[in-house]
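Nothing in this text is a laboratory measurement; each read-out follows from the coordinates by a stated rule. This one's a predicted model, so the numbers in the text were calculated from it and none came from an experiment. With ideal geometry, Cβ positions are generated from the backbone for all residues, glycine too; neighbour counts draw on all protein chains shown.
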Amino acid sequence: MGRGRAKAKQTKVARELKYFSPDTDLRALERELHGSRDNAPKDVEHDSDEYDEYDDYDRWAAGGR
């Protein structure tokens with residue numbers, strides 16, 4: 001496809017996207033923006049056995065390389 005035909009196709013697609021107006025579910029948008037307490041992430045307790053990425057740094061900073 002030559003540049004002229006490609007540009008015409010891009011223009012056609014852009015125009016369709018610009019003037020396309022799907023039905024918007026405003027209630028779903030409101031729920032998504034406000035969030036709900038049921039979907040909120042819960043505080044996670046970290047096990048002391050779990051590897052801490054800063055342990056090595058703490059030992060190094062304390063001089064215990």
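Tabulated results
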| quantity | calculated |
| --- | --- |
| 3J(HN,Hα) from dihedral phi, the stretch 19-27, Karplus parametrisation 6.51/-1.76/1.60, rounded to Hz, x for glycine, proline | 9, 7, 10, x, 5, 9, 8, 5, 5 |
| Most to least packed among 18-26, 2-10 [average Cβ atoms within 10 Å] | 2-10, 18-26 |
